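So the structure is just underneath, and the comments pick up after that.
Bear in mind that the values in this text are calculations on the coordinates, not laboratory data. Bear in mind the structure is a predicted one, so any value in this text is a computation, not a measurement. For neighbour counting, all protein chains shown are included, and Cβ atoms are generated from backbone atoms with ideal geometry for every residue, glycine included.
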There are 4 protein chains.
Amino acid sequence: MTAAIDLNADLGESFGAYTIGDDLALLEVVTSASVACGFHAGDPMVMTRTVRAAAQRGVSVGAHVGYRDLQGFGRRAVAMPPAELTADVLYQLGALEAIAKANGARVGYVKPHGALYNTAAADPTVAAALVEAVRGFDSGLPVLTLPGCEMWKACADAGVRAVGECFADRGYDAAGRLVPRSAPGAVLHDVDIVVARAVEMATSGAVTAVDGSSVRVDAESMCLHGDTPGAAALAAAVRDGLRRAGVELRSFV
Amino acid sequence: MTAAIDLNADLGESFGAYTIGDDLALLEVVTSASVACGFHAGDPMVMTRTVRAAAQRGVSVGAHVGYRDLQGFGRRAVAMPPAELTADVLYQLGALEAIAKANGARVGYVKPHGALYNTAAADPTVAAALVEAVRGFDSGLPVLTLPGCEMWKACADAGVRAVGECFADRGYDAAGRLVPRSAPGAVLHDVDIVVARAVEMATSGAVTAVDGSSVRVDAESMCLHGDTPGAAALAAAVRDGLRRAGVELRSFV
Amino acid sequence: MTAAIDLNADLGESFGAYTIGDDLALLEVVTSASVACGFHAGDPMVMTRTVRAAAQRGVSVGAHVGYRDLQGFGRRAVAMPPAELTADVLYQLGALEAIAKANGARVGYVKPHGALYNTAAADPTVAAALVEAVRGFDSGLPVLTLPGCEMWKACADAGVRAVGECFADRGYDAAGRLVPRSAPGAVLHDVDIVVARAVEMATSGAVTAVDGSSVRVDAESMCLHGDTPGAAALAAAVRDGLRRAGVELRSFV
Amino acid sequence: MTAAIDLNADLGESFGAYTIGDDLALLEVVTSASVACGFHAGDPMVMTRTVRAAAQRGVSVGAHVGYRDLQGFGRRAVAMPPAELTADVLYQLGALEAIAKANGARVGYVKPHGALYNTAAADPTVAAALVEAVRGFDSGLPVLTLPGCEMWKACADAGVRAVGECFADRGYDAAGRLVPRSAPGAVLHDVDIVVARAVEMATSGAVTAVDGSSVRVDAESMCLHGDTPGAAALAAAVRDGLRRAGVELRSFV
């Protein structure tokens, strides 16, 4: 039996004259592209170019929905009534789908971005509002999130498929949670270590936590970061390491 | 044989705490609601409320697409490459469709707003970029525009159905064009005159121009304004006058 | 000895084609106009018209600074580092001052708006960031806030003058705090009662709390609301009642 | 007698998480920094960092005012009434001045950006609206523009000092105008040629046009570009070349 995993990255985060990330390099590595939808990053033209490039390479397109906060890059939570959040997410899903469809692609999954990812993981009301949007749009669309979090549960409650993701370059605690970015061991930079952990997660479904214990990581997708210097090179190293270890790279869509 | 016409109005133009127009009153009158898509006016929650209210009353929903210019209410032309305009329009079409579908409605037509309406009517490149978006989204979707204008021609060239609209409260010149707002006779305010002209247009397909001649008005839809004081009352008077004259009011969708 | 008080209201909250409030009517009543600075409401043209109208009537102009959130009308807190908030407030203060100076007025005071008002009243870090902006702009500028709150303390710590405000149409609890809007007795609508309380506060420095006790209200300014139906009439009634009671109406600037 | 010239560059064009240009490298080269004011680029925090860095290096700060169009980076003209443009420019001038003053700097000059630069150079109404803002803000503030253009004339009419600028890396036609970017010879990339032309302009007040003739360039300031790859290196080469030629580099403020 062969191990298989999806590689996803956040793409299409440029805006107007502003460029972030090396999208074309990442698209040679990932099997799923989470495309910003114009609220926290991205604009209609950037979305157009990104879905076209993804389609040309057979990379799945996901809607990377976020808070409407370009200034804060979607990293600041915005308190709003659940019905407004549902409307905001539907708006983004539809916008990306229209651009995708007209350019030879389709929205194949949903992934909340930044503060919305974190809020939906922790707050059942936010999670439910997000799932409500997914169901209203297409109840067959999977949602990429942290296994076991509130978003995961809200998907289960609503009959929406939740797809777990793991992080090759992040530290985990003994409970299987990500080490907060403010704590030591939160982000790993050594390429060999990151690749080794990626292979460990993809082949065994487990990873070594910061306390040395082994924790389960139930993930169908592995998130690679795209907006840091050296991101494309690290992503390529992870891909190559996984392939050498016999792991099949394929989209979960 | 019975004369029939559609009544359309621009709705859903409120934004956040800002309210424009008496949408609920207009929805009792019109058969088609052109709903702002968040670029020149409207926001996801306003769009949600508007499509729900339209669906409840059996009123058709159209995507009222515009330039991204809330500050100028879409009344200022924004010069941009055609591909960007296509992307902007696709974005708006998809956003409204997703919100409509999740709330029991569908986008049944497209109408450009304000400066985009005027630019697309006069500039074949802008018109073609707009039609390109409609085709990429759904080539069966009709476009509401001025009969004979560049947008009309671009639709014909692309095999997209163009639906002509007329204006009950606007003056026409002998060539069948609208009198510019800066000229005398551009806007009619007398209710009886507006109603009489509405009936004339709907039953005869012609209207009296400012020079006294009779001009053809090939319209399947009649536009009523919603954001001026007394707009709802004037709209209701037009509707009642048309009904009394035996004109059937029905959506062209 | 004569009692005296300032009457302030939030003005200049319109945006582009969107109108909120009857500014001209309120400007006939108040002695201080808190003018929105384009972040949560207002735009440069609205600011221009508002400061001109205030200057013509001898009404003081204050900078009504808020979170950059037009969609939420500044009623949603935005988490941001203190240095960013200081920069955002400086930006707004300078923008309004430039427009005021070119149009015969000056910024005479600062009042945070909506969520920023509440956050600064409760959170010493936010309060300090706001005061930092005021000091950087003009340390002689007074700040309108709730007596005794964190913003009040931050002003005292920094040597900035804090001016206390009271609310004629809001209920107070026995500790002198405003009754939350979700609780009974939060907002008073009866004109006679509101006027009587306004006079009580202005002449005695105290008001009857919801439990019947009398609480101190150390206020140099009384806030009138401008964006509700009947606001202008209520404001005029309060002004007239205060005058009849011999209270002098004058700006604290 | 010593030749002297100012070197200016557009800086502070980053926005939130988006970075454009190598501001710190350019600040080591220029004597004047035209700082974006948050309409076409920049945000309050970026403005804060930029004016601080400029002040630390003794570099003059100018207000780089533009159209409110972050999506288009201020490169698209926005049609608006002159009074609105005046208000928009005043808003930006005041915003930057407040941030500058609180951080040890002052706004020493004004330079329109992108489409506003071009529109003001060609359209006397736009130029007058811009000068009106400068006069309302501080009539002693110089304006950086093309010698002889409509903006130049509007400054002369209003008694505002116009400071001419030239471009080391742009081609000129025989009439002293810049070769349009779409034409051959518009932009020069060879470092040696650019440096030689910079020295020629600074020492002789003339430059060789595309047709080989010599044209006058009455400039007190030379514009260096900051947002292209290699910009900082080219700028440093120009600076070094000017110094070697004995040209004194000093701000015109």
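Rundown of residues vs (1) buried (at least 24 other Cβ atoms within 10 Å of the Cβ); (2) more than 15 Å from B:Gln71 (Cβ to Cβ), yes/no style:
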residue: C:Leu27; (1), (2): no, yes
residue: C:Gly38; (1), (2): yes, no
residue: C:Met47; (1), (2): yes, no
residue: C:His64; (1), (2): yes, yes
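If you filter segment A:38-67 down to residues that are within 14 Å of another protein chain (Cβ to nearest Cβ) and more than 30 Å from D:Gly74 (Cβ to Cβ), you find that the one that is farthest from the chain's Cα centre (by Cα) is A:Ala55.
The selection criterion, being within 14 Å of another protein chain (Cβ to nearest Cβ) and on the phi < 0 side of the Ramachandran plot, holds for B:Val134.
For segment B:236-253, the tally of residues that are surrounded by 17 or more Cβ atoms within 10 Å (Cβ to Cβ), closer than 12 Å to B:Thr31 by Cβ and not aliphatic (A, V, I, L, M) stands at 3. The condition of being surrounded by fewer than 23 Cβ atoms within 10 Å (Cβ to Cβ) and small (Gly, Ala, Ser) holds for only one of B:Ala4, B:Ala33, that being B:Ala4. Apart from one condition, C:Leu96 fits all of (1) in contact (Cβ under 8 Å) with a residue 60 or more places away in the chain; (2) out of contact with any Cys (no Cβ under 9 Å at 6 or more places or on another chain); (3) within 14 Å of chain D (Cβ to nearest Cβ); the exception is (2). Would you mind stating whether B:Gly21 is in contact with a Gly (Cβ under 8 Å, 6 or more places away or on another chain) and either of a type in the set (Gly, Ala, Ser) or on the phi > 0 side of the Ramachandran plot (or both)? For B:Gly21, the condition - in contact with a Gly (Cβ under 8 Å, 6 or more places away or on another chain) and either of a type in the set (Gly, Ala, Ser) or on the phi > 0 side of the Ramachandran plot (or both) - is met. Within segment B:79-91, does at least one residue satisfy the condition of being farther than 24 Å from D:Gly74 by Cα and of a type outside the set (Ser, Thr, Tyr)? No, there is no match, as no residue in segment B:79-91 is farther than 24 Å from D:Gly74 by Cα and of a type outside the set (Ser, Thr, Tyr). Within segment C:139-148, the only residue that satisfies the criterion of being buried (at least 17 other Cβ atoms within 10 Å of the Cβ) and either assigned to a helix (DSSP H, G or I) or within 14 Å of chain D (Cβ to nearest Cβ) (or both) is C:Leu141. When we screen C:Val89, C:Val30, C:Val35 for residues that are under 22 Å from D:Gly136 (Cβ atoms) and more than 7 Å from every other protein chain (Cβ to nearest Cβ), the only hit is C:Val35.
When segment A:220-253 is filtered for residues that are touching a Gly at 6+ places or on another chain (Cβ under 9 Å) and either of a type in the set (A, V, I, L, M) or not in a loop (DSSP other than H, G, I, E, B) (or both), the ones remaining, listed by number, are A:Ser221, A:Ala231, A:Ala232, A:Ala235, A:Val247, A:Val253. Taken over segment B:149-170, the residue count meeting the criterion of being in a loop (DSSP other than H, G, I, E, B) and either among the aromatic types (Phe, Trp, Tyr) or over 15 Å from B:Gly205 (Cα atoms) (or both) is 5.
Apart from one condition, B:Ala154 fits all of (1) surrounded by fewer than 17 Cβ atoms within 10 Å (Cβ to Cβ); (2) away from chain A (no Cβ under 14 Å); the exception is (1). Of the residues making up segment A:42-55, those that are in contact (Cβ under 8 Å) with a residue 40 or more places away in the chain and not hydroxyl-bearing (Ser, Thr, Tyr) are A:Pro44, A:Met47, A:Val51, A:Arg52, A:Ala54, A:Ala55.
Conditions (1) under 24 Å from C:Trp152 (Cβ atoms); (2) in contact (Cβ under 8 Å) with a residue 24 or more places away in the chain; (3) out of contact with any helix residue (DSSP H, G or I) (no Cβ under 6 Å at 6 or more places or on another chain), marked per residue:
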site: C:Ala183; (1), (2), (3): yes, no, yes
site: C:Val199; (1), (2), (3): no, yes, no
site: C:Val210; (1), (2), (3): yes, yes, yes
site: C:Ser213; (1), (2), (3): yes, yes, yes
site: C:Ser221; (1), (2), (3): yes, yes, yes
site: C:His225; (1), (2), (3): yes, yes, no
site: C:Ala231; (1), (2), (3): no, yes, yes
site: C:Arg243; (1), (2), (3): no, no, yes
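The residues of segment A:104-126 that are surrounded by 23 or more Cβ atoms within 10 Å (Cβ to Cβ) and either more than 16 Å from the chain's Cα centre (by Cα) or within 9 Å of chain B (Cβ to nearest Cβ) (or both), listed by number, are A:Ala105, A:Val126. Among the residues of segment D:162-177, is any of a type in the set (Ser, Thr, Tyr) and farther than 30 Å from D:Gly246 by Cβ? For segment D:162-177, residues of a type in the set (Ser, Thr, Tyr) and farther than 30 Å from D:Gly246 by Cβ: absent. Considering each of C:Ala83, C:Ala79 in turn, give the residue that is free of Cβ contacts under 8 Å to residues at least 12 places away in the same chain, closer than 23 Å to C:Val131 by Cα and facing another protein chain (nearest Cβ under 8 Å). Going through C:Ala83, C:Ala79 in turn, just one is free of Cβ contacts under 8 Å to residues at least 12 places away in the same chain, closer than 23 Å to C:Val131 by Cα and facing another protein chain (nearest Cβ under 8 Å): C:Ala79.
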